[in-house]
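Visitor: Quick one: the structure is below, and I'll ask about it shortly.
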Amino acid sequence: MTNPTNPKWVPCKAAAVLGTAGLCFSLQASAVDESAFQELERKHAALAEKVDRTSDRLQINGFISAGVARSDQDVTYAESELHDDNSFGVRSRVGVQMTFAVSDNLDAIAQFVGRGDEEWDVETEWAYLRYQANDALQLRLGRQRAPFYLLSEYLEVGYAYPWVAPPEEVYSVTGDNTYDGFGLLYDFALGSWDTTFQLFWGENTQDGVVVAQLDDLISLSLTGVYENWTLRAGYTHVNISVEDPIDLGGGFFLPAVEDADTAFMGVGLIYDNGDWLVMSEVTSLKLDFWLGDPDSMYVMAGRRFGDWMPHLTWAQVNDVDDDRGELGLPAPVLAGVNAMFEEQQKSVTAGVRYEFLPGAAIKFEVTHLYDLKDGKGLFDSMPDDDSANLVSFVVDAVF
């Protein structure tokens, strides 16, 4: 005879209602209240409908880069961990982007990125509202990337460009490109060109060798696309303040800075006919104080052979600032300051990209740095030689 107090596992209607695929615990002695199950079914149906509506409005995308790099110098390069030992973090990062449709023309967008050379601390790169006023006009408010470069919109997404990383001579000049502010994009036709005008107004704090506050940044750019060509031109003005003097030792200081006029200009082009890919950018940063005035450029050409694309890139940065000579520093101190801030180097990069799966690519590059002119180039301190070599390997994917 079955003991009515002895529980056993049996299938039950609640398991189906709740969407579980297991068995539920029941007592043979318990009476099933049919009305309770009907109420549970009604709530479950309402919840399922709400989840379906929400999932239709939420889009999640991601990207990842995993790789290894090293140089032949025992000093770090470009404010990263890259030096004369294998570094698995410097070229590695992962990001998740979420877009939630608040309404038919209003989205909330957030992008979170973790980087291997920053101990995988997750940072909020984007966090803004996007309002599509009509087919041509889009407004943005919140944290977003300032439109300084050709690749600004997808700078973190390694899969989107041919290199392991975009040329440092150009893309390291402006530091952190994430700002809090207001953005506007307007699409229109200019003859046969599909054209986008972009405006951004915002602020940021740069925390590097020098801690600086950037206020009232106004960035304007015009991008045109016609057949195989993309052309872009941009201009940015910002006021920079450095609150605390920089102690150079020996009683010498670099003075504090208040609302120094700063201008950044850039032009770029892309030619892509499906076989050949050619890219180039020229930029110039002018600061009305002692930090530097770097002029930069690169030219890249690549040829696709099926899933393979070998490519070659030449780049340079030339940063000579005459403003430091007006500081009245003794020659040895001034030489040390110049070595600290001047970034002069040229590079040649030979690489190959292999599209081994849809949405995934393998990249390998060798970069030769030269013409450091007795300076440190983009190294964080003085290297042993006036030339150096970098080797990088990475796997990029989007999902």
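The values are calculated or read from the model by the stated rules, or taken from the named source; none is laboratory data. Bear in mind that the values here come from a model prediction, so they are computed numbers and not experimental data. In this analysis, Cβ positions are derived from the backbone assuming ideal geometry, glycine residues included, and neighbour counts consider all displayed protein chains.
Visitor: Going by what's in this entry, would Phe182 be described as in a strand (DSSP E or B), farther than 29 Å from Val278 by Cα, touching a residue at least 12 places away in the same chain (Cβ under 8 Å) and not hydroxyl-bearing (Ser, Thr, Tyr)?
Guide: Numbers: in a strand (DSSP E or B): yes; farther than 29 Å from Val278 by Cα: yes; touching a residue at least 12 places away in the same chain (Cβ under 8 Å): yes; not hydroxyl-bearing (Ser, Thr, Tyr): yes.
Spelling it out, Phe182 is indeed in a strand (DSSP E or B), farther than 29 Å from Val278 by Cα, touching a residue at least 12 places away in the same chain (Cβ under 8 Å) and not hydroxyl-bearing (Ser, Thr, Tyr).
Visitor: For the range 295-317, does any single residue satisfy the condition of being outside any strand (DSSP E or B), at pLDDT below 95 and over 23 Å from Asn239 (Cα atoms)?
Guide: In the first step, residues of the range 295-317 are kept if they are outside any strand (DSSP E or B); the result is 304, 306-307.
Now restrict to residues that are at pLDDT below 95: none.
There is no residue in the range 295-317 that is outside any strand (DSSP E or B), at pLDDT below 95 and over 23 Å from Asn239 (Cα atoms).
Visitor: List pairs: first residue in the range 102-119 and under 17 Å from Glu79 (Cβ atoms), second residue among the polar types (S, T, N, Q) and assigned to a strand (DSSP E or B) anywhere in the structure, Cβ distance under 8 angstrom, at least six positions apart or on different chains.
Guide: Note: pairs meeting the criteria are Asp117/Ser87.
Visitor: Applying the selection to the range 53-76, what residues are in a strand (DSSP E or B) and polar (S, T, N, Q)?
Guide: So in the range 53-76, the residues in a strand (DSSP E or B) come out as 58-71.
Result: Gln59, Asn61, Ser65, Ser71.
Visitor: Of all residues in the range 124-159, how many are part of a loop (DSSP other than H, G, I, E, B) and within 23 Å of Ser92 (Cβ to Cβ)?
Guide: Count: 5.
Visitor: Right, something else. Taking the range 77-115 as the region of interest, how many residues are over 30 Å from Ser347 (Cα atoms) and in a loop (DSSP other than H, G, I, E, B)?
Guide: Quick first cut of the range 77-115, residues over 30 Å from Ser347 (Cα atoms) only: 96-112.
Applying the additional criterion that residues be in a loop (DSSP other than H, G, I, E, B) yields 102-105.
The qualifying residues number 4.
Visitor: For the range 94-104, check the following and say yes or no: at least one residue is farther than 28 Å from Arg232 by Cβ, among the aromatic types (Phe, Trp, Tyr) and more than 15 Å from the chain's Cα centre (by Cα).
Guide: Yes, there is a match, as at least one residue in the range 94-104 is farther than 28 Å from Arg232 by Cβ, among the aromatic types (Phe, Trp, Tyr) and more than 15 Å from the chain's Cα centre (by Cα).
Visitor: Then there is this: Can you tell which of Thr196, Thr178, Thr174 is surrounded by 15 or more Cβ atoms within 10 Å (Cβ to Cβ) and within 17 Å of Leu222 (Cα to Cα)?
Guide: Working: Thr178 fails: within 17 Å of Leu222 (Cα to Cα); Thr174 fails: within 17 Å of Leu222 (Cα to Cα).
The match here is Thr196.
Visitor: Moving to a separate point now. Would you check if there is a residue in the range 139-155 being more than 28 Å from Ile240 (Cα to Cα), crowded, with 20+ Cβ neighbours inside 10 Å and touching a helix residue (DSSP H, G or I) at 6+ places or on another chain (Cβ under 8 Å)?
Guide: Taking the range 139-155 as the starting set, the residues that turn out to be more than 28 Å from Ile240 (Cα to Cα) are none.
So far as the range 139-155 goes, no, none of its residues is more than 28 Å from Ile240 (Cα to Cα), crowded, with 20+ Cβ neighbours inside 10 Å and touching a helix residue (DSSP H, G or I) at 6+ places or on another chain (Cβ under 8 Å).
Visitor: Six or more apart or on different chains, Cβ atoms under 8 Å: show the pairs whose first residue is in the range 216-241 and part of a strand (DSSP E or B) and modelled with pLDDT of 95 or more and whose second is among the basic types (Lys, Arg) and buried (at least 21 other Cβ atoms within 10 Å of the Cβ).
Guide: Within 8 Å, the pairs are Ser221/Arg232; Leu222/Arg232; Thr223/Arg232; Gly224/Arg232.
Visitor: Just the residues that are without any contact (Cβ under 8 Å) to a residue 24 or more places away in the chain and either over 20 Å from Leu372 (Cα atoms) or out of contact with any Asp or Glu (no Cβ under 7 Å at 6 or more places or on another chain) (or both), please, taken from the range 68-88.
Guide: Applying the first criterion (without any contact (Cβ under 8 Å) to a residue 24 or more places away in the chain) to the range 68-88 yields 83-86.
Within the range 68-88, Asp85, Asn86 meet the criteria.
Visitor: Specify the residue that is farthest from the chain's Cα centre (by Cα); the eligible residues are those in the range 242-266 that are at pLDDT 95 or above and surrounded by fewer than 17 Cβ atoms within 10 Å (Cβ to Cβ).
Guide: The qualifying residue farthest from the chain's Cα centre (by Cα) is Ala263.
Visitor: Let me ask something else about it. Is there a residue in the range 160-174 that is touching a residue at least 12 places away in the same chain (Cβ under 8 Å), of a type in the set (Ser, Thr, Tyr), touching a Gly at 6+ places or on another chain (Cβ under 6 Å) and under 20 Å from Asn204 (Cα atoms)?
Guide: no
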